[in-house]
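In what follows, a single structure is set out as structure tokens and then discussed.
The values are calculated or read from the model by the stated rules, or taken from the named source; none is laboratory data. Being a predicted model, the structure only gives us computed values, none of them experimental. Because the Cβ atoms are built from the backbone with ideal geometry, glycine has one as well, and the counts that use them run over all protein chains shown. With ligands, DNA and RNA removed, areas are computed over all heavy atoms of the protein, side chains included. Shrake-Rupley method; radii C 1.70, N 1.55, O 1.52, S 1.80 Å.
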Amino acid sequence: MSFYEDRVLPHLINLACSTKPQRKQREKIVHLAEGDVLEVGIGSGLNLPYYEKSRVRKIWGLEPSAGMRRKAQPLVDETGLDVEFIDLPGEEIPLEDNSVDTVLITYTLCTIPDALTALHGMRRVLKPGGTLLYCEHGVAPDEDVRRWQDRLNGGWSWFSGGCNMNRDIVSLIREGGFEITNDERMYVPGPRILNYNFWGAARPV
Ligand SMILES: C[S@@+](CC[C@H](N)C(=O)[O-])C[C@H]1O[C@@H](n2cnc3c(N)ncnc32)[C@H](O)[C@@H]1O
């Protein structure tokens with residue numbers, strides 16, 4: 001891992017993911033998590049303050065970047081939530097089948113190289129009746145915005161540690177073996193190429 005990836009990128013990602021619109025989005029979705037939770041790509045732990053403490057037992061915080069896990073630790077300590085980090089990528093979830101009540105993923109499906117394999121893993125570990133909660137940015141509904149997303153995606157991805165701005169999030173989740181039960185979408189404030197947000201819930205099928 002390069003110096004940029006380990007020491008610089010975690011600070012940049014933490015800053016980029018801390019905007020007011022993103023905080024509002026986190027507020028809408030994270031409090032719905034319950035029971036044993038797997039958070040995929042927990043990053044710098046920005047969702048932790050939004051968990052409803054009385055509803056969650058344990059949080060498995062899967063995060064392959066040591067730099068991001070280091071950044072998350074102060075928030076783990078501050079919130080007092082029972083968080084156990086998993087030092088692996090989302091394509092290699094090591095938990096048992098049918099073992100978690102909620103999978104939470106925010107602003108990470110854009111980055112996981114093999115998002116479909118990761119989604120199949122999330123479905124595998126969810127208990128029957130469990131819920132996938134998601135909040136992501138992705139492909140815009142407007143053709144002119146989509147064209148710019150496609151043009152700029154390569155350079156953006158290099159700069160941002162693998163983020164893609166043009167993924168069709170809801171189609172990916174369906175392809176990963178889920179039925180969407182709540183589907184909300186809108187542009188949140190900020191550059192439109194990066195800020196078409198998808199959030200909601202899905203159940204394994
Ligand atoms: C834009 S950040 C979002 C972090 C956090 N979920 C949030 O909402 O602030 C994307 C995260 O995905 C992580 N990531 C990169 N590759 C991954 C993979 N293969 N599986 C899971 N997470 C990955 C990155 O290390 C980073 O922490």
Problem - Number of Lys pairs (Cα under 20 Å; 8 or more positions apart or on different chains) in segment 1-82 - result: 5
Completion exercise
Heavy-atom accessible area of the chain with neighbours in place, 1.4 angstrom probe: carbon+sulfur share in percent works out to 52
Fill in the blank from the handout: With the convex hull built on the alpha-carbon atoms of the chain, volume per residue in Å³ sits at 106
Completion exercise
One would report the antiparallel percent of DSSP beta bridges in the chain, rounded to the nearest 5, as 45
Handout entry: Ranked packing of 49-58, 130-139, most packed first, by mean Cβ within 10 Å
Key = 130-139, 49-58
Exercise for the section: Sort out for me the Cα centre separation of segment 85-138 from segment 23-60, rounded to whole Å. Expected result: 13
Practice task
Give the accessible surface of the chain per residue, rounded to a whole number of Å², with probe radius 1.4 Å and ligands, DNA and RNA excluded.
Solution key: 48
Handout entry: Under 10 Å, Cβ to Cβ, from Arg69 - net charge with Lys/Arg +1 and Asp/Glu -1
Key = 0
Fill in the blank from the handout: With only helices counted (DSSP H, runs n ≥ 4, each -39500 (n - 2.57)), the per-residue ellipticity at 222 nm for the chain, to the nearest 500, works out to -10000 deg cm²/dmol
Exercise for the section: Answer with one residue from Leu133, Leu194, Pro94: the one whose Cα lies farthest towards the positive end of the charge dipole of segment 91-205, charges on Cβ with Lys, Arg +1 and Asp, Glu -1. Expected result: Leu194
